[in-house]
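Novice: This is the structure I want to talk about, given as structure tokens.
The values are calculated or read from the model by the stated rules, or taken from the named source; none is laboratory data. Computed from a predicted structure; not experimentally measured. Positions of Cβ are generated from backbone atoms using ideal geometry, with glycine treated the same way; all protein chains shown enter the neighbour counts. For the accessible areas, the whole protein counts, side chains as well, though only heavy atoms, and no ligand, DNA or RNA atoms are used. Shrake-Rupley method; radii C 1.70, N 1.55, O 1.52, S 1.80 Å.
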Amino acid sequence: MAIDPLSNARSERRWAFAMVGAAMMMLFAIVWASLSPHMNPPSNIENVDPNTLHIAGEFTEDNLGTQVDAKGRVTTRIVTSQFSFAPECVVVPQDMQVTFRFVSPDVIHGLLVVGTNINTMVVPGYVSQVHTMFDKPGDMLMPCHEFCGLGHSQMVAHVRVVPIADFKPDENGRVACAEH
Ligand code: CUA
């Protein structure tokens, strides 16, 4: 069968338009995601020794969870490990800037909270940091989204967003989920 060179050229032009269109849509999606919901790749580079996380420094057990510092800044620290989060539940205030800091002592984990800009990998040796603000109260799930072993699918944390009126730090500036 003879190939019509003209129809070939038309077909190529159609595909070229389609490809340019697809590339423009992807570019638009990237620019929109970074400007509007502030979804950016994490840019914080901060080293931490994964072997001594539990012994000394910022991520010892009694320093985990949500804390309000003297300047009123809210920071939530979480250790992700095979196959749980410590703590498994954190409380954060609604409509306030919250800084999440994650570390891992063992393998690469990842986490996200759907509908927010929280979406990062947690690599041993580094602190993953995300700034965010929650605009409505509620209990949100934060699952691990990086395959980390057999228990990966069981690995989930709760982020409890409460109205500012219900966000009551204790004398050490700490707020924790109520025990069940
Ligand atoms: Cu941790 Cu998957």
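Novice: Taking a ≥ b ≥ c as the square roots of the eigenvalues of the Cα gyration tensor of region 51-157, is the shape rounded (a/c under 1.5), prolate (a/b larger than b/c) or oblate? Mind showing how you got there, number by number?
Specialist: On the way: a/c = 1.93, a/b = 1.21, b/c = 1.60.
The shape class here is oblate.
Novice: Another question, then. From largest accessible area down, sort 164, 118; use a 1.4 Å probe on the protein chains.
Specialist: So, going from the largest accessible area down, we get 164, 118.
Novice: Could you compute how much accessible surface residue 84 exposes when probed at 1.4 Å, giving the result in Å² to the nearest 10?
Specialist: 40 Å²
Novice: Another question, then. Sorting 32, 15 by accessible area (1.4 Å probe), largest first, what list results? Write down the numbers at each step before the final one.
Specialist: Numbers: 32 135, 15 165 Å².
Descending order: 15, 32.
Novice: With every protein chain left in place and a probe of 1.4 Å, what is the accessible surface of residue 99, to the nearest 10 Å²?
Specialist: In the full protein context, residue 99 sits at about 20 Å².
Novice: Classify the chain: rounded, prolate or oblate, from the alpha-carbon gyration tensor (a ≥ b ≥ c, eigenvalue square roots; a/c under 1.5 rounded; otherwise prolate if a/b is larger than b/c)? Each step should come with its number before you reach the end.
Specialist: Numbers: a/c = 2.91, a/b = 2.11, b/c = 1.38.
The shape class here is prolate.
Novice: Can you compute the helix-only [θ] at 222 nm over the chain? Use -39500 (n - 2.57) per DSSP H run of at least 4 residues, normalise by all residues, nearest 500 deg cm²/dmol.
Specialist: Values: 1 runs with 31 residues, N = 180.
Value at 222 nm, helices only: -6000 deg cm²/dmol.
Novice: Add +1 for every Lys or Arg and -1 for every Asp or Glu among the other residues with Cβ under 14 Å from the Cβ of residue 84, and state the total.
Specialist: Values: positive: none; negative: 61, 88, 106.
That sum, taken over residues with Cβ under 14 Å, equals -3.
Novice: Leaving ligands, DNA and RNA out of it, report the carbon-plus-sulfur percent of the accessible area of the chain at a 1.4 Å probe. Mind dumping the intermediate values first?
Specialist: Values: 7000 of 11290 Å².
Exposed carbon and sulfur together represent 62 percent of the surface.
Novice: Calculate, in nm to one decimal, what residue 14 and residue 139 gain on full extension: separation in residues at 0.36 nm each, minus their alpha carbon distance. List each step's numbers first, then the result.
Specialist: On the way: separation 125, 0.36 × 125 = 45.00 nm, distance 4.81 nm.
Between residue 14 and residue 139, full extension yields an extra 40.2 nm.
Novice: Kindly sort 131, 158, 54 by accessible area of their heavy atoms, largest first, with the probe set to 1.4 Å. Mind showing how you got there, number by number?
Specialist: On the way: 131 90, 158 65, 54 130 Å².
Result of the area sort, largest leading: 54, 131, 158.
Novice: Let me ask another. Tell me whether region 80-138 comes out rounded, prolate or oblate; compute the Cα gyration tensor, take square roots of the eigenvalues as a ≥ b ≥ c, and use a/c under 1.5 as the rounded threshold. Intermediate results must be reported in sequence, preceding the final value.
Specialist: On the way: a/c = 2.24, a/b = 1.85, b/c = 1.21.
Note, shape of region 80-138 comes out prolate.
Novice: Here is a further query. Excluding ligands and nucleic acids, what accessible area in Å² is computed for residue 35 using a 1.4 Å probe, to the nearest 10?
Specialist: So the heavy atoms of residue 35 present about 120 Å² to solvent.
Novice: Highest GNM mean-square fluctuation, the chain, Cα pairs closer than 10 Å: which of 119, 51, 40?
Specialist: 51
Novice: Also, I was wondering about something else. Residue 153 to residue 35: FRET efficiency via 1/(1 + (r/R0)^6), r the Cβ-Cβ distance, R0 35 Å, to the nearest 0.05?
Specialist: Details: r = 34 Å, r/R0 = 0.97.
According to the calculation, E is roughly 0.55.
Novice: Oh, and also: Expected output is a single nm value to one decimal: the length gained when fully extending between residue 6 and residue 61, i.e. 0.36 nm times separation in residues minus the C-alpha distance. What is it? If you can, show how the numbers build up before the last one.
Specialist: Working: separation 55, 0.36 × 55 = 19.80 nm, distance 7.13 nm.
So the extension gain works out to 12.7 nm.
Novice: So how tilted is helix 5-35 from the main axis of the chain? Cα-based, degrees 0 to 90, rounded to 10.
Specialist: 20 degrees
Novice: First select every other residue whose beta carbon is under 15 angstrom from the beta carbon of residue 57; then total the charges, Lys and Arg +1, Asp and Glu -1.
Specialist: Values: positive: 77, 101; negative: 46, 49, 58, 61, 62.
That sum, taken over residues with Cβ under 15 Å, equals -3.
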